[in-house]
Amino acid sequence: MIGGLAGEKSRWTGIVADLTVQATLVTGDCLVAAGAISYAGSFTSVYREEMEALWREQIKEQGIKLTDNITMSKVLGDDVTIRLWGVAGLPSDKLSVENGIIMFKSRRWPLMIDPQTQANKFVKNLGKDVETGLDVFKQSEPNLLRGLELAIQFGKWVLLENVGEQLDPALEPILLQQKIKQGSGYIIKLGDKSISYSDTFKLYLTTTLPNPHYSPETQVKISLLNFAITQFGLEEQMLNQLIKLEFPDLQAEKD
């Protein structure tokens, strides 16, 4: 039995050695990932790569170890989850995948610049499988606040689409997630009402404006994501479509 497990011993020894090395790199890797989530969302893919390269150089200058050419998607990306996003309609180009990671890893609710409505369709498709359901509103709807109150109570996902450059001031407590601990749960105050806050509640905002200008006061409340298709992103998406058509066997193997 010991002889049969000899191969496992050498494999485990190798894994322990790898993990020991990786443990010394965690701080630097996490700095790059945290920087990308906090600051890179509103930029195109080229700017994001330049920012990450600059951060890697500066982290090394501070004497902090990190993995060579580490990126936010390598630290936080999960292949299975990303594949599920693809099934739900998220484009498979690098920019869109990074946006998906920021959407679900950021502490603030995402506001997506989405002139081609790709993010809008993705959230709607993803929301179909949510147990509590998805509600879709426009900022101009008169029953918006009432709908948000119910969604917060019952832990629904909310997609607020076609927002402009000015957000409704009544949304501020939700955007800032001003939860108050009460007993074993949380409440949030909307106007003069106190609403019980469910942990499964999520808010997504999209705008079809191609180049909106949000004030700094607005940007600190949300996580701004750029889903606008660039020429490079379009090339990647077209290449993926071509592979599906011309090499279905390769695509099936990848799936």
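Values as computed for the structure displayed
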{"quantity": "Choice from Ile70, Ile243, Ile101 with maximal GNM fluctuation in the chain (Cα, 10 Å cutoff)", "calculated": "Ile243"}
{"quantity": "Charge sum, other residues only, whose C-beta stays under 14 Å from Ile187's C-beta, Lys/Arg counted +1 and Asp/Glu -1", "calculated": "+1"}
{"quantity": "With every protein chain in place, segment 54-126: carbon and sulfur % of accessible area (1.4 Å)", "calculated": "50 percent"}
{"quantity": "Accessible area per residue, Å², segment 107-249 with all protein chains present, probe 1.4 Å", "calculated": "56 Å²"}
{"quantity": "Percent RCO, i.e. relative contact order, over the chain, from Cα pairs under 8 Å lying at least 6 residues apart", "calculated": "22 percent"}
{"quantity": "Pairs of lysine residues in segment 1-140 - Cα separation under 23 Å, sequence separation of 8 or more or cross-chain", "calculated": "13"}
{"quantity": "Thr218/Lys138 FRET efficiency (R0 25 Å; Cβ-Cβ; nearest 0.05)", "calculated": "0.85"}
{"quantity": "Highest-MSF residue in the chain out of Lys244, Lys202, Lys121 [GNM, Cα springs under 10 Å]", "calculated": "Lys244"}
{"quantity": "Candidates Thr20, Thr200, Thr218, ranked by Gaussian network fluctuation over the chain, Cα under 10 Å, top entry", "calculated": "Thr20"}
{"quantity": "Solvent-accessible area, 1.4 Å probe, carbon plus sulfur percent, for segment 174-255", "calculated": "55 percent"}
{"quantity": "Low-density loop positions, GluC sites (Glu not before Pro), segment 141-185 - DSSP coil, at most 15 other Cβ in 10 Å", "calculated": "Glu165"}
{"quantity": "Of Gly41, Cys30, Leu150, farthest towards positive along the dipole that unit charges on Lys, Arg, Asp, Glu beta carbons give the chain", "calculated": "Leu150"}
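The values are calculated or read from the model by the stated rules, or taken from the named source; none is laboratory data. These numbers were taken from a predicted model, which means no experiment stands behind them. Here Cβ is always computed from backbone atoms with ideal geometry, including for glycine, and neighbour counts include all displayed protein chains. We work out accessible area using only protein heavy atoms, side chains counted, and drop any ligands, DNA or RNA first. Shrake-Rupley method; radii C 1.70, N 1.55, O 1.52, S 1.80 Å.
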